[in-house]
Amino acid sequence: MKAPERIETARLRLRRPHPADAEPVFTRYASDPEVTRFLGWPRHDSIGQTRAFLEFSDGEWERWGAGPYLIESKDGRLLGGTGLGVETPFRAATGYVLARDAWGLGYATEALRAMVALAPAVGLGRLHALCHPEHVASRHVLEKCGFTRESLLQRHSEFPNLEPGRASDVYCYVRLFETEPAR
């Protein structure tokens, strides 16, 4: 599996993160309590946490040939992040996060559609996303992108910025793809 390090859509540029992105990622979205409210990772309290994420990102790209992407406007303004969290050679998770000023403009849908197109191109047969039941906007984006709600996973995931230390119910949305067997 080898994903491209850069993907262009009609309005967006998705690209592999680099160490120099720490400050803009931290400032634009990773430290914002409202942006991170329904995410499965803790809001960043320091730029060191953002640097650790970027190191993790590099490790994912090295291990799997795919990983997180930053979402930018065509003029280079950082809007958020998305990507593939590869779990096995045939299965990955996806998601998205956008800075507050990028909400409601269709960027999440456009970025997620790019991940949906990428998944079968790199041989994935299953792409899934977890979503807090109260996050109605995110559920809508997933459904617009052809994901089907597969299940309600009870006491499955922690949302550390919403209910720290508590396992919450979560919806699992899925897209399945026909892929050629590896040779």
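The values are calculated or read from the model by the stated rules, or taken from the named source; none is laboratory data. Remember, it's a predicted structure, so these values are computed and weren't measured experimentally. Because the Cβ atoms are built from the backbone with ideal geometry, glycine has one as well, and the counts that use them run over all protein chains shown. When the accessible area is computed, the model is the full protein with side chains, heavy atoms only, and any ligands, DNA or RNA have been set aside. Shrake-Rupley method; radii C 1.70, N 1.55, O 1.52, S 1.80 Å.
Things to note:
- Heavy-atom accessible surface of the chain: percent carbon and sulfur, 1.4 Å: 52 percent
- Cα centroids of the stretch 12-90 and the stretch 92-130: 13 Å apart.
- Gaussian network model of the chain, springs between alpha carbon atoms under 10 Å - residue of Leu54, Leu153, Leu84 with greatest fluctuation: Leu153
- Most to least packed among 167-175, 108-116 [average Cβ atoms within 10 Å]: 108-116, 167-175
- Summing Cβ point charges (Lys, Arg +1; Asp, Glu -1) relative to the Cα centre of the stretch 18-93 gives a dipole of roughly 180 debye.
- Taking the chain and dividing mean pair separation by its residue count, relative contact order in percent (alpha carbons under 8 Å, at least six apart): 21 percent
- Between Arg63 and Ala167, the modelled labels are 2.2 nm apart [label points 7 Å from Cα along Cα→Cβ].
- The convex hull around the C-alpha trace of the stretch 1-53, projected and averaged over every direction, spans 5.0 square nanometres.
- Kirkwood Rh, angstrom, the stretch 135-183 [1 / mean 1/r, Cα pairs]: 12.8 Å
- Taking only the C-alpha atoms of the chain, the Rg (one decimal) and the largest Cα-Cα distance, Dmax (whole number), read 15.6, 46 Å.
- Extension reserve of the Leu153-Ala20 stretch, reckoned as 0.36 nm per residue once the Cα distance is removed: 44.2 nm
- In the stretch 27-96, the alpha-carbon atoms span a convex hull of 100 Å³ per residue.
- Helical runs assigned H by DSSP (4 residues or longer) give the chain a calculated mean residue ellipticity at 222 nm of -7500 deg cm²/dmol, each run adding -39500 (n - 2.57) before division by the residue total.
- When the convex hull of its Cα atoms is projected in every direction, mean area for the stretch 65-106 (nm²): 3.6 nm²
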